[in-house]
1. Roughly what angle does helix 15-26 make with the longest principal axis of the chain, taking Cα atoms, 0 to 90 degrees, to the nearest 10?
2. Tell me, in nm to one decimal, what length is gained between R138 and M68 on full extension, where the rule is 0.36 nm per residue of separation less the Cα-Cα distance?
3. Stretch E38-K61 to full length: gain in nm at 0.36 nm per residue minus the Cα-Cα span?
4. Leaving ligands, DNA and RNA out of it, report the carbon-plus-sulfur percent of the accessible area of the chain at a 1.4 Å probe.
5. With label points built 7 Å along Cα→Cβ from the Cα atoms of L31 and C87, find their separation and express it in nm.
6. Alpha carbons only, please: Rg and Dmax for the chain, in angstrom.
7. By how many nm would the segment from D101 to F118 grow when fully extended, if each residue of separation counts as 0.36 nm and the alpha-carbon distance is taken off?
8. Going by Cα centres, the stretch 49-71 and the stretch 108-126 are how many Å apart?
Amino acid sequence: MTMQLTPYVFFEGNAREAIRFYEEVLDAEILFCQTLGEGPDNPDHPLPAEMKEKIAHAVLKVGDTELMIADAFPGQPLREGNQVNICITVNTTERAQQLYDALKQNGHVGIPLEETHFSPAYALVTDRFGVTFQIFTRKK
């Protein structure tokens, strides 16, 4: 039996924008995407019209990994924090620099991209959506 861990990131109404950003920055491919409005109606809990276009569930393929994304459901408040980090492993310092430069735009740098004892280029950066990424470059 195999086990797979998949990061699942929730957004406060801007998941669609985050998906477009990750397509551009991480070369992500959308494998699946469904809006709340595409799901079944529940007459006991009608969905407000403004929520119908929000993302209920999306799966992105990034390299060999899948990333799941959704907007927080109405009435379930989102708590931002560092509970979810996504480690991006690359083979070159050039690719690490590209990712770092893109992810830090309107975000926050926790650890600037630098050589460490365990990586020729490592950084910790939180993007503009509040998602924290570790950028790790393999040693050759």
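1. The answer is roughly 20 degrees.
2. Once the chain is fully extended between R138 and M68, it gains 22.7 nm.
3. 6.1 nm
4. Within the chain, the accessible surface is 50 percent carbon and sulfur.
5. 2.0 nm
6. Just the Cα atoms of the chain yield Rg and Dmax of 16.8, 58 Å.
7. So the extension gain works out to 4.0 nm.
8. 27 Å
The values are calculated or read from the model by the stated rules, or taken from the named source; none is laboratory data. Computed from a prediction, not measured in an experiment: that's the story for all the values here. All Cβ positions, even for glycine, are placed from backbone atoms using ideal geometry, and neighbour counts span all protein chains on display. Remember, those area values only see protein heavy atoms, side chains included, never the ligands or the DNA or RNA. Shrake-Rupley method; radii C 1.70, N 1.55, O 1.52, S 1.80 Å.
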